[in-house]
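*Asks:* Structure below; questions to follow.
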Amino acid sequence: MARVRAQRVLAARATQRSDLAPVIAELTRLTRAQEGGVPGGQSLLQIVMQATATPPRESPGTGFRAAELARDSLGAPLLAGQLFLDLAAMDSSSLYAPKALVAALALLPDRRDSIAAVLDTRYGTSPYTRAFHGEASVAYAAAEDSLARELGVEVARAALPAGARVDVPLTGPRGPWLDDSPVRDRPTQPERP
């Protein structure tokens, strides 16, 4: 188990796909060395293999999945950042290229200025670029739904029945009153037309 943990540490320190070749070799050896393998070795090997697989050009979702595995499952932010940049460079016309750049921004702070410059100049009208700059966009939700479907994630829909009415949001205090003010001093909701 200690050897598997050591390989996990090496994987977390990776900065590019080639850094994981020795990790794959060692994990393969460890899983074959004992009958049934070392606990955790096979699952780590599968994650490393998925993260190092070169995604097909026609499936940007596969590249996203690999970069997210590197970031979230391997804990390798530098590798994940590079995988996101590789994805954006591989298919710069993809809807997801700007999302990959936004993801890389958080993982590669030393390259923030150059990545942000590419994001702003090449993808200024993208819903991901607009969201990065704090602008709300209906297109952002549509792009996220599209990527979720590409990744095989079920998109939840909160459908309202036809003719359903939704209360207008009200400003003002919420929750219990903290003082003993009489009820008549509290603001009330306006009557519905």
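The values are calculated or read from the model by the stated rules, or taken from the named source; none is laboratory data. Worth saying up front: this structure is predicted, and the values here are computed from it rather than measured. Reconstructed Cβ throughout: ideal geometry from the backbone, glycine too, with neighbour counts over all protein chains shown.
*Asks:* Tally time: how many residues in segment 48-72 are surrounded by 18 or more Cβ atoms within 10 Å (Cβ to Cβ) and more than 19 Å from ALA143 (Cβ to Cβ)?
*Replies:* 7
*Asks:* Only one residue in ARG149, ARG130 is farther than 30 Å from ALA21 by Cβ, out of contact with any helix residue (DSSP H, G or I) (no Cβ under 6 Å at 6 or more places or on another chain), at pLDDT 60 or above and buried (at least 17 other Cβ atoms within 10 Å of the Cβ), so which one is that?
*Replies:* It is ARG130.
*Asks:* So, one more: Here are ASP110, ASP91: which of them is modelled with pLDDT of 90 or more and closer than 24 Å to SER18 by Cα? So that I can check it myself, show each step before the final result.
*Replies:* Working: ASP91 fails: modelled with pLDDT of 90 or more.
Going through ASP110, ASP91 in turn, the sole match is ASP110.
*Asks:* Residue check: is THR171 hydroxyl-bearing (Ser, Thr, Tyr), at pLDDT below 90 and loosely packed, with under 10 Cβ neighbours inside 10 Å? Lay out the reasoning, then the answer.
*Replies:* Numbers: hydroxyl-bearing (Ser, Thr, Tyr): yes; at pLDDT below 90: yes; loosely packed, with under 10 Cβ neighbours inside 10 Å: yes.
So THR171 passes the test.
*Asks:* Scan segment 83-102 residue by residue and report those that are buried (at least 24 other Cβ atoms within 10 Å of the Cβ) and more than 15 Å from ALA117 (Cβ to Cβ).
*Replies:* LEU83, PHE84, LEU87, LYS99, ALA100
*Asks:* OK, next. One residue is enough: does segment 28-40 have a residue meeting the conditions within 17 Å of GLY75 (Cα to Cα), buried (at least 19 other Cβ atoms within 10 Å of the Cβ), of a type in the set (A, V, I, L, M, F, W, C) and at pLDDT 80 or above?
*Replies:* Within segment 28-40, the subset within 17 Å of GLY75 (Cα to Cα) is 40.
Retained after the next criterion (residues that are buried (at least 19 other Cβ atoms within 10 Å of the Cβ)): none.
No, segment 28-40 contains no residue that is within 17 Å of GLY75 (Cα to Cα), buried (at least 19 other Cβ atoms within 10 Å of the Cβ), of a type in the set (A, V, I, L, M, F, W, C) and at pLDDT 80 or above.
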